[in-house]
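Below: the structure, in structure tokens.
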Amino acid sequence: MEGIVDSHTHVSLLPYEGLENMALAGVKKIIGCAIFFGAKHAETLFDHFHQMSTLSVKNAAENGIKLFLAVGIHPMGTPEDWPRVIDALPGYLKMNDVVGLGEIGLHEGSRREQDVLKEQLKVAKEHRVPVILHTPPQDRVKITNKTIEIAAAVGMEPGKVIIDHANLDIIHLIEDFGAVPGLTIRQEGLTPHLLLNHLERFQRGVLNSDYSNLKPNDPLSVPKAVRYLELNGVPLEIIARIARYNAEKVFGIQTTGSTTHY
Ligand SMILES: [Zn+2]
């Protein structure tokens, strides 16, 4: 299909050839999410955001991919002086390619993680930008409930909340809140097969690879899932929704004809 959007990729960890292969497989737009595992200082994240907005944007463009960015504090890399990052976020949101905050959220669910998430959601709400929220591999229902509770308390518009790594265990919680399910395609999570068998429940979602070096990942998982659905006779309209249009709408990155509105 035309114009695939990968709605969650950690581009700073993606090799140049990864971008090239994604382009060859039909990926046209990527949302590059922040993550710096074990970050200890605010400056570490500032340098990380800078690298994404320069090198990664350039590498993507050289392959014909438009890279948009989401910045923020990932729960696996929260600096000791994290309030300084919060203070800087509105400045980043003014940058051209930055379309939201992510990847943010709870991993273990500690009080500190909850505070960091809440402060970031306040920034997102004030600036009316979407957020990409992490869900962990463990305690998923409990932590997703807590995440939604915090988002609701801050007053986030549910349509601007992507709850990522959705699967059958938490999809009802995401639906009840009215958030957008992030559909990370990987072997030990939501597989193309599972997606096909429960497509009805996942159609409001946005496909992504969540490419990183934290676990085995495949930068081509989105085009591969698209191909799997096509080969199994899923109507193109439904595939296009989860592989392109839902993400374009949430992030406000629609392309009309030959004119692109960012
Ligand atoms: Zn991620």
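The values are calculated or read from the model by the stated rules, or taken from the named source; none is laboratory data. Worth saying up front: this structure is predicted, and the values here are computed from it rather than measured. Positions of Cβ are backbone-derived with ideal geometry, glycine not excepted, and every protein chain shown enters the neighbour counts.
A few points about this structure:
- Every pair of residues 6+ apart whose Cβ atoms lie under 8 Å, when the first sits in segment 167-191 and is more than 16 Å from I132 (Cα to Cα) while the second is more than 16 Å from the ligand (Cβ to nearest atom) and assigned to a loop (DSSP other than H, G, I, E, B): L168/H198
- Check on V71, away from the ligand (no atom under 16 Å from the Cβ) and β-branched (V, I, T): no
- Within segment 88-117, considering residues that are of a type in the set (D, E) and in contact with a helix residue (DSSP H, G or I) (Cβ under 9 Å, 6 or more places away or on another chain), the one nearest to V11 (Cα to Cα): D97
- Residues that are closer than 20 Å to P223 by Cα and under 15 Å from the mean Cα position of the chain (by Cα) number at least 1 in the following strands (runs of 3 or more DSSP E) confined to segment 1-112: 4-9, 27-33, 66-71.
- Some residue of segment 185-201 being closer than 26 Å to L101 by Cβ and under 14 Å from the mean Cα position of the chain (by Cα): yes
- Matching residues, segment 111-141, being away from the ligand (no atom under 16 Å from the Cβ) and among the charged types (D, E, K, R): R111, R112, D115, K118, E119, K122, K125, E126, R128, D139
- The set of residues in segment 195-235 being among the charged types (D, E, K, R), away from the ligand (no atom under 16 Å from the Cβ) and either at pLDDT below 95 or touching a His at 6+ places or on another chain (Cβ under 9 Å) (or both) consists of R201 alone.
- Tally, over segment 194-216, of residues that are within 16 Å of N167 (Cβ to Cβ), in contact with a strand residue (DSSP E or B) (Cβ under 7 Å, 6 or more places away or on another chain) and of a type outside the set (A, V, I, L, M, F, W, C): 5
- Scanning segment 12-41 for residues that are farther than 24 Å from I239 by Cβ and either touching a residue at least 24 places away in the same chain (Cβ under 8 Å) or crowded, with 23+ Cβ neighbours inside 10 Å (or both) returns S12, L13, Y16, A34, I35, F36, F37, G38, A39, K40, H41.
- If you go through segment 187-226 and keep only what is of a type in the set (D, E, K, R) and buried (at least 18 other Cβ atoms within 10 Å of the Cβ), you end up with R204, D210.
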